[in-house]
Every structure is written in structure tokens, then in C-alpha cells.
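Before any comments, here is the structure.
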Amino acid sequence: MSTSPNPLLRRRSLLFGAAGLAVGAAAGCTAETAGTPTDPAEASQAISKLLPNYVEFNPVQPAFASVNGTAPVYKTYPKEPVVTVPQPPGKGSSFSLMVPVSAGVPPTLPENKYYSAMNEALNAKFTVNAFLMAEASAKYATLLASPKDVPDWTVITTAGQPARFDEAVEACFEDLTPYLAGSAVEPYRNLATITSETWQSCVFNGKLMSLPYPRASFENNALFYRKDILDKRGLGAPKSAADLLALAKELTDPAAKMWGIDTPWAITQYIFGVVPMWKLDGGKLVHRYETEEYAAALEYTVSLFKAGVVHPDALSKTGNPRTRFTAANSILYPAGLPGWRETLVNVRDSVPGFDMQVFPMFHHDGGKPIYYWMPPTSMNSFIKKGTSPDRITELLGIANYLAAPFGTKEFQMVRYGLPEVHHTLNASGSPVQTERFQREYRGTFLYPCAPNRPEAETSLPAYLDALITFLKDTSQYIVKPEFFGRNISVPADLTGLDQQMIDFENDLFANRKSMSDLKAAISQWQGAGGNQLRDFYGKYRDQ
Amino acid sequence: MTANRSGTLVVERAAQGPHTVQASGAGRTRWTQIRHDGARYLMVLPALALVLLFDYVPVLGNIVAFQSYSPYKGILGSPFNGVANFQRLASNTAFWDALVNTLAIAAVQLVFFFPVPIVLALVLNSLISVRVRTVLQSITYLPHFFSWVIVITVFQQVFGGAGLLAQWFRSRGWEPWQVMTNADTFLALVTAQVVWKDAGWGMVVFLAALAAIDPTQYEAAAVDGANRMRRMWHVTLPALRPVIILLLILRLGHSLTVGFEQLILQRTAVGVRAAEVLDTFVYYNGILNGNWGMAAAAGLIKGLVSLLLVVGANKVAHLFGEPGIYQRGGDSSHHRRRKARRR
């Protein structure tokens, strides 16, 4: 997964919660026309009719159950996984699938044995068009502009949703409400285990339009470190912003090509508790750019750059921070929580002594930290408009296979591929992915539809123990931000506003601007549409 | 093959003159000419159709510059908004910054990049050893085949904050020179990158033109006592002049297309004030932010400025008696000179 400093910021829309969703649902309108007041009770009823019924199903009990929306953690792999889809769900049809991948693009058929194994397991012929997640925004904007050219099944990242996404969804994709709403989901046993909160994020324009790739409440960026290197120097965890600066200074040795921290802005805004987008102050909506926390986080980040403790390539945003971290060019590495497992799996055999650990989250002044609950999906998949009901049903059957939870045969097939080709079993019976799997998989059949997010890399028990400790601590500080879960499409002429502030942040870190320019930058943002944006969101809040 | 203003058809075969056929005649009607050259017209038709289909029909899409355009509603479904997109552009400081940056980069590259392939070609052409010339030629035009991502990565590895140069500075206890993140020297950096990548490739056309110069002209000049510099000045450069002017005009037409990939890859490193150009402005506003109408308006302005540059440069070329990218109507001075030479 990518490590966007603030995933919410890169979105053109936010996900509705029950009430907000209802506004769009009952009005049946696009965001630009969604200002019509609606009776909340009536609207809530309308939304509840859209969501698939939830049927609990846990083949295995977790070692750490979900708290405050965090992912449950499973420490042992079941010896006899449960079969939930006894027969291959497909009818041998051909489908095109477009899916973003975070690392390199996998090989295509016939070289890709994972693809052929999945096609066989699903009894379908998928032509997979995988592309790099970094290109997602531009890719979607151009792809969706030509609805007849969209593939049969398209996975769209929430961060990459293009402007006017509500219009795009209407023009390009099928409404899945008649197939999944209420009890209609029940033939799809695994889809029914996905939580209602997650399904809410699949509703666009008052219709259930997509399938989810669920996200846990805390997948935010955390601060990882090279424990092997810190232990050698006898250095410990920071408990405040001042501690972090001191630690980064201690670790920095440019002559040895070693810097304390990489891409610091990806973590400092969490340390200072910067809100994802809006917060309420005296009944008034205040944007993150206008908050004291934002200014303090910026100032602190500037001090890190000025102290020379940040890897120089972080400024030009070239190269891969993860590569620099594994190569010990930067020792502290802010990244999304899922990046921890991915990095461990990818480099466990190639970097001797590599020990990646995470610091407990801390507030800048040593006080109680605050983290904002992330939107319930990070990707949604859509079925092309005009697809026949038969093919839609076939695709939903396939999605049901992909959504099988941890502890099932189907989960094992999707995430570990074929035995001996894509994974081997270790002494404790846990599957260990092979190098071939890493190359061929890349999440291609995971992202179109997945179960509620589990943490289950049972071949890495030490990692799971550390993760449980981290989640136990962090889960107590998670709160829902304003407009949580509400799916609001911002008018097209206001979508580019963030870019000028992102450009300002970069100028600030590169010393091309100073903190004294912040006030002018905010005024410019407000004048260019920030105030209009506040009014726009204000209408949703009133409703 | 060119048509002059009176409609007579001039077919120019091969390089020059002896086979020139003039199908003009005072008594001939246009229809007679068409019948006479019917086969040639037929041969041109497919190419003409391609040009119309792929070059002129898409131009109609510029209508979105006058609409509040949404690709999901299409041109027919999107409302017209007059010149509102142009007004928004005019009041957008980012657009003016982008325009100024584009013109600055175009001007600097015209002055500092354009002559480099000519000089390289002259130097290589003066080498006697064919092997050395071939090796040098291969080395200089190899970077042309690298993508911009590779070029920027190479520059980053050498000149970046953690690159070879910075580490060399640090090993001597000096503060590293920030080459890749310095907005003040960005113009020099992008020009250096273009020179490294494309100067060798640009030299190929000039080498071909140099090969076409009749060696007897050098011999005659040498007999007349001209030294190497004199021969270059009086024989080589005049022979290259039409090619230089033609390429210069063509480059002017593309001059506002200053390297989208190259700049977007370095935009964050040096900041938007230095690296935003019209193409990146259009990309961010149109593709990423969905303001297709405003982005199309910016693209239209860019196209008009480019057209003016080409037409203007071509006029200047004609004033100096050069053919430019098309012949002037009637019997141009250039033709008169060529006819006189043939006689």
C-alpha cells in the first residue's frame, strides 16, 4: 500500500456515515445538487434498505479481537481451513479486470502461474490489467472519461477517485443494489460477513454501486525504526517531538550516508494530532489548514529539515523511502501500518539482521495522542455499466469467493496461491510465501473484494506479538473525525485547492518559503475556494 | 511538392533542379491540371484523410474551452459558459506563472540548446578517423533513448542531496551544493538535462546535411587559399543555413512544449514557482482536478502562441530569402536565386 501522508486529503470525496449517506440516498442526487434538505429519519430508513444483511461468521477466533475498529490479529493458522465455496463460482466466462498494485506490475499470462491458478479456482478467464498505484489518479481520470472503454471490473482507490466521481459512477458502472441489498446478499455467504459500516462506503448517489476492499480504523502512518541499529547504539523510543528530534540527530551521519528520518511530514501531522480535514470549533467548521495543530506540525517539520536529519531525497520525493530504510540510509521510517508486514515479508531473507519495529504513538508534548479513524474502505470495485444480469451474478459469485475470511480454503488460495509454487508450510504449519508469489501476486485478486481486514501473517509470530502490543495501546486513542464515513463529492472547481497547499508545504520544507508565509498561503486558499468549501460542507453538517 | 499562390503545381524531385517539372501554363485551366496530376492527387488522398481525421477533427474538441465541460455529460450535454474559462485563467496567478516559466525555459533552451547539435556536428564532421567519429556519435546520441525517468534518476544519483557529488563534497568537509532542489538554478539544470539527452540525436540531421555538401566546393576554396575557419564560414555554414532555419522554425512551434515529463518529475523538488509550465498546469487542472474547460482554454492559448511564433519566424525567414517551412507564393527570391544558379 502507498504511504500517503494523509489519505483523506488526496480524496475528491469523503464517505458518508449513516445520516449523511441518507441525504444522498433519499435525494438520489449528485453531490452538486445534494443541498436539498431531507428528513433524516426517512433518509436513514432509505439507507438501511440499501445495505446487505450482516451475518457473522468467524471460522477462527482471533488472538486479539478488534477494538475501536482495529484489525483482529490471528496468531495461528488453522490446520484444516473451512471450505465456504465448494464449487468454483464462475461459469468459464472471460472478464477484464483493472487493478492498481503498490509494487511492480506482475507478469501476465501465461507466465503468471498465480493468475492461471486463480482462473482455475474461479472457473473464469480473467485478463488482468495491473498498473502502479502511483499512477492511479491520472489513470482513472482518463479511463472513466470514456465509459465504453472501462473494463468489466474496475478497482478504484479512494485516494485516486477523480473529480466529478459521482457523475463517473453513474455513467460507467452498474447498480448492485438489486443483487446485494438486504437479504439479497444471503446466497453470497462471505459477502454477508462484511460489516454494514464497510458497505456504507460502497454507496454512491443513493445506490449500492461497488464492492469493498475494507480497511481497519487504524491503518494510519506509524513511525517505524531499525531496531537492530538503535539497539547497537543503546537508543530508545521517543516520547515527545523534542525526543524525536534528538533521536534523529543522534542517528544522522551524512558522511556514512545515513540520515535520522525519511519523509517526516507523513508522521509529524499525527504526532501533532492534525485533523484529516475538518474540525468543529465553537460550532464553526475549521479546516485543517486553519488549525493551530497544522501550523505547529509544519513548524516542527521545518525544524527537522533545518537540522539536517532528513534524508535529502525526501525533499525531492525521488526514490523509494522503503528502499532507503531497508538499506539503512534512513533509520526512522513513517509508513502506513500495513507497510510493516509487507516490508518484513519482502526483505526478511534479503537483508541479514534486519529488524523493523514500530514506536508506540506519542503526542508532541508527551501527552495523550489522538488518531482519526480512517474511512472504512481504501478501494472499491465497480462492474461495468451494461453488463448482463447473468454476468453480474457470476462476478458477484467470484467476489464472494475473494471475500472469504481468514481460516478458509478460499482465503488461503487468494493470499498464498498454490502449495509449493507460491507458498510452503513452515514447522508450525503456517504458509510462507515464496519469492515467485511476491512477484506474481501483488494483491491483484485481493483488491477487487476482500473480507473485513485481518492481521494474520502467522509465519511472523514476533511481528504479530509486537502488532498486538501496538494496537492495544493505540486503539484507545482512536476517534471518529467530523463527517466520518460520509461520501461527499466536492464540486469540480474546488477539487484543486489542496494542491496549492501541498505545493506550499513542499516550498516550506525546501526553505523556499518561511513560516511567516503561512498566513498568506491560508488566505489565498480561503479566497481561492476554501471558504466556499466550508459553506459546502456546512450544508451537509446542517443536514 | 508545393503549390504556389496562382495554383500552379511545383513538383520538386530529389534534391535539386535538373528534374524539376513545372506543370504551369497560361492557357491551362485548373481542371486540366487536376486531370494531369490526377494520379498524384489520388496518392495524396489517404495521407490527407489521416491528417484531417487525426489532426484537424480533434481540434473541434477545443469547443470545451467555452463550456463547463464534464466528460460524463459529453460536449452536447455540457453547458456553454462563454469566455468564463478564459476569465478564470486571466485571474489565476498560477497560470501566469506557468506561462512565464514556459517562455523562459523555451527561450533559454533556444539559445543554449539549439546551437549545441550544430557545434557537435561540425566538430564530429571535422574528425578524420571514421571509427572515432562513429564511437563519439553513438555515445552522444545514446541518452536520447533513455526515458525521462531514467535521466532524472541518473541526475539525482549524481547531483542529488545524497548523490555522488554531494558525498564528495561531504568527504572534504564542505557543504554540498544543492543542484537538484535549487529553484534559482533550475533553468540551467533542465537545459543541461536536455543537452545531455538530446544534443547527440539533434546532431544527426546536421551531419546528414554536412554529408550532402559537394567536396569540390572545399577543394575550390582551399585552392583559393581559404583556411579551415574560412572554409567553415563560407562553405559549411551557408550549406547548413536552410536546414538550421527550418529546424529553428519547427522548434519554435514546439517551443512551448518544454518537456512535460521532465518537469513534472522535478516539480516537487524545486517547487511549483520554478517548475510549473503550461503543460503541467493543464495536467493538474484538467486531468487531475476535472476543470477540463479551463485546462482546454489554457491549451488553446498555448496553441495560438505557438502558431504566432511559427508564422512570425517563417516571415522572418522569408525576409532573409530562406524558404522556411513553406515557399512564398509566386516566383520567390529563393527560386530566382536557384534558377540563376542552375543557369
Exercise. What's the center-to-center distance, using Cα atoms, between segment A:303-344 and segment B:249-283 in Å?
Worked result: 28
For this session: Within segment A:367-445, report the GluC sites (Glu not before Pro) that DSSP leaves as loop and that have at most 10 other Cβ atoms within 10 Å.
Result: A:GLU420
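Only Cα pairs under 8 Å and at least 6 apart count here; give the relative contact order of segment A:126-229 as a rounded whole percent.
Details: 61 pairs, mean separation 21.5, N = 104.
Computed over segment A:126-229, the figure is 21 percent.
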Exercise. If you plug each phi of segment A:338-352 into the Karplus form 6.51 cos²θ - 1.76 cosθ + 1.60 with θ = phi - 60°, what whole-Hz ³J(HN,Hα) values come out, in order, with x for Gly and Pro?
Worked result: x, x, 4, 4, 4, 5, 4, 5, 6, 10, 4, 9, 9, 10, x
Problem set entry | Shape of the protein assembly as shown, Cα gyration tensor, a/c cut at 1.5 | prolate
Problem set entry | DSSP bridge orientation in chain A - percent antiparallel, rounded to nearest 5 | 65
For this session: Rounded to the nearest Å, what's the spacing between the alpha carbon centres of segment B:105-119 and segment A:397-467? Just the number, please.
Result: 56
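Using the crude model of +1 on Lys and Arg Cβ and -1 on Asp and Glu Cβ, and no other charge, please compute the dipole size for segment A:244-383 relative to its Cα centre, in debye to 20. Write down the numbers at each step before the final one.
Values: 12 positive and 13 negative charges, 43 e Å.
Roughly 200 debye for segment A:244-383.
Classify segment A:354-436 as rounded, prolate or oblate from the Cα gyration tensor: take a ≥ b ≥ c as the square roots of its eigenvalues, call it rounded if a/c is under 1.5, otherwise prolate when a/b beats b/c and oblate if not. Please report the intermediate quantities before stating the final value.
Values: a/c = 3.28, a/b = 1.30, b/c = 2.52.
It is oblate, given that a/c is not under 1.5 and a/b is not larger than b/c.
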For this session: Using only Cα atoms, locate the centre of segment A:50-116 and the centre of segment B:192-208, then give the distance between them in Å, rounded to an integer.
Result: 52
Exercise. Once the Cβ-Cβ distance between B:ASP97 and A:THR393 is put in as r, and R0 is 56 Å, what FRET efficiency do you end up with, to the nearest 0.05?
Worked result: 0.55
For this session: Provide the per-residue ³J(HN,Hα) series for segment A:142-150, in order, calculated from phi with Karplus coefficients 6.51, -1.76, 1.60 and θ = phi - 60°, each as a whole number of Hz, with x at glycine and proline positions.
Result: 7, 5, 6, 5, 10, x, 6, 9, 6
Seminar exercise, completed: In segment A:70-151, taking the dipole from +1 charges on Lys and Arg beta carbons and -1 charges on Asp and Glu beta carbons about the Cα centre, the listed residue (A:VAL83, A:PRO106, A:ALA117) farthest towards the positive end is A:VAL83
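Pulled fully out, how much extra length does the chain show between B:ILE34 and B:VAL132, if you take 0.36 nm times their separation in residues and subtract their Cα-Cα distance?
Numbers: separation 98, 0.36 × 98 = 35.28 nm, distance 5.22 nm.
Contour length minus the Cα-Cα distance gives 30.1 nm.
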For this session: Would you please give the FRET efficiency between A:PHE57 and B:ASP184, computed as 1/(1 + (r/R0)^6) with r the Cβ-Cβ distance and R0 = 60 Å, to the nearest 0.05?
Result: 0.45
For this session: Work out the FRET efficiency for A:ARG189 and A:ASP228 from their Cβ-Cβ distance, taking R0 = 45 Å, and round it to the nearest 0.05.
Result: 0.50
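Looking at segment A:466-543, which trypsin sites (Lys or Arg not before Pro) are in a loop (DSSP not H, G, I, E or B) and have at most 15 other Cβ atoms within 10 Å?
On the way: sites: A:LYS472, A:ARG486, A:ARG512, A:LYS513, A:LYS519, A:ARG534, A:LYS539, A:ARG541; in loops: A:ARG512, A:LYS513.
Answer in residue order: no site qualifies.
Classify chain B as rounded, prolate or oblate, taking a ≥ b ≥ c as the square roots of the eigenvalues of its Cα gyration tensor: rounded when a/c is under 1.5, otherwise prolate if a/b is larger than b/c and oblate if not. Please report the intermediate quantities before stating the final value.
Working: a/c = 2.52, a/b = 1.15, b/c = 2.19.
Oblate is the answer for chain B, as a/c is 1.5 or above yet b/c matches or exceeds a/b.
The numbers here are math on the coordinates, done by the rules we state, and not lab data. None of the values given here were measured: they were computed from a predicted structure. Glycine also receives a Cβ, built like all others from the backbone with ideal geometry; neighbour counts cover every protein chain displayed.
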